Amino acid sequence: MEIHVQDWPRAYGTPLATATFRQKLSDFCVDEDLRFEPSGEGAHHLLLIEKRNINTDIVCHKLRRFAEVNPTDVGYAGKKDRFAIARQWFSVQLPLLKEIDWSEFNDDEVTVLKATRHDKKLRIGAVKQNHFAITLRDLNFNPGSDQQALHQRIEQIQENGFPNYFGEQRFGHNGDNLTRGAELLLANKKLKNRNLQGLLFSAVRSFFFNQVLAKRIEANKFSELLDGDYVQLDGSESGFTVQDMEQELPRFVAKDIHPTAPMPGRGRSQLLAEAAEFEAEVLEPYHELIAALERKGLNGERRAIRVFPQNVTLQWHNEQTLELSFSLPKGAFATSLLRELFELKTNL
């Protein structure tokens, strides 16, 4: 059984142009919004940190050394790209009466922009949305495409959403995490490094999500609600199984509910009818690998297959340089939006 990162099908056809992506560090900027307002009091110091060309785990390591705390005393809501200017939140638990000058933490890679207090540790998933400002250079439109066509496609995406694929970074360099994860599962082995093992298994589960979504696009079912779909409420991980199409279709059109695809694990299928039949057919060749995920005790999850970008703006610096800004809900990949528009060239 062979699984590998693919050039997943696009919902809107071929890209309209080629573009250079991440030529400079400042070409990819992301700002994180939390789902809550800090309480202003408590043992957890909540820090808004700008990081530059450094990954989230290294920032955590720096915070532990600077504050002289244990690894479990540091928290964050989500990981951000290394080759970027990213402004994200971290939490550091300290004794209630201990004060610290966070400006002394600043260096060439990190700057504390804001410091407040909160009564709880920051946990994965506490992000509400991320705001992106991405500069694309050396734009070269394909024959028959132009700036007007680009604006029209963006309007299509705002109206109908784009595929919520996991980006290539989810699968590791050259898809190595996906390959290693599959080999580990089929051999029924464990790694001593539980964090790495979790990363590898997540890559495999993400592949299955992408695969079901890809087949749905190929079958022209991306913009459709299927009888028996398990849907999630917009902005929520709560959902239900569609059993009354006449009742639920208006909610689908109004973007109030979104069909989902699986990240396999333990637990019975939440699908019925047409949706269950479609998904079972897509996943049947991988039954051995899915059974291995279940044996590892991973719980099955589902994820919305479509995303609607918000606050979309385009600023042309010149005919070949575009700054595209937009907001996405937590977990959505900016690169999955960009690939619906451009064939990206990067040196990374």
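The values are calculated or read from the model by the stated rules, or taken from the named source; none is laboratory data. Just so it is clear, the model here is predicted, and its values are computed rather than measured. Neighbour counts run over all protein chains shown; Cβ positions are idealised from the backbone, glycine included. These area figures cover heavy atoms from the full protein model, side chains too; ligands, DNA and RNA do not enter into them. Shrake-Rupley method; radii C 1.70, N 1.55, O 1.52, S 1.80 Å.
Tabulated data
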{"item": "Where only alpha carbons of region 187-247 are counted, the Rg and the Dmax (Å)", "result": "16.5, 51"}
{"item": "Aspartates and glutamates whose Cα lies under 15 Å from that of Lys345, excluding same-chain neighbours fewer than 8 positions away", "result": "Asp7, Asp27, Asp138, Glu168"}
{"item": "Share of Cα-Cα pairs in region 1-93 lying beyond 19 Å, as whole percent", "result": "57"}
{"item": "Per residue Cα convex hull volume in Å³ - calculated over region 9-157", "result": "131"}
{"item": "Set of aspartates and glutamates with alpha-carbon distance to Lys121 below 15 Å, sequence-local pairs under 8 removed", "result": "Glu37, Glu41, Asp73"}
{"item": "Region 219-233 residues near the modelled Leu272 label - backbone nitrogen below 18 Å, point 7 Å along Cα→Cβ", "result": "225-233"}
{"item": "Kirkwood Rh in Å, taken over region 181-295 so that all alpha-carbon pairs contribute", "result": "15.3"}
{"item": "For the chain, share of DSSP beta bridges that run antiparallel, in % to the nearest 5", "result": "90"}
{"item": "Share of carbon and sulfur in the accessible heavy-atom surface of region 1-129 [1.4 Å probe, %]", "result": "46"}
{"item": "Values of log10 I(q)/I(0), in the order q = 0.13 Å⁻¹, for region 258-321 under a Debye, Cα-only, solvent-free model", "result": "-0.51"}
{"item": "Rough spin-label spacing in nm, given labels placed 7 Å along Cα→Cβ, for Arg52 and His317", "result": "1.6"}
{"item": "Alpha-carbon centroids, region 278-348 and region 159-185: separation in whole Å", "result": "9"}
{"item": "Heavy-atom surface of the chain, accessible at 1.4 Å and reported per residue (Å²)", "result": "50"}
{"item": "The chain, relative contact order in percent, only Cα pairs under 8 angstrom and at least six apart counted", "result": "25"}
{"item": "Value of relative contact order over region 212-348, rounded to a whole percent, pairs C-alpha under 8 Å and six or more apart", "result": "22"}
{"item": "Cα-based Kirkwood hydrodynamic radius, the chain, one decimal, Å", "result": "21.9"}
{"item": "Stokes-Einstein D for region 82-202, Kirkwood Rh over Cα pairs, 25 °C, 0.890 mPa s (µm²/s)", "result": "123"}
{"item": "Subset of Lys24/Lys255; Lys79/Lys190; Lys192/Lys221 violating a 32 Å alpha-carbon distance limit", "result": "Lys24/Lys255; Lys192/Lys221"}
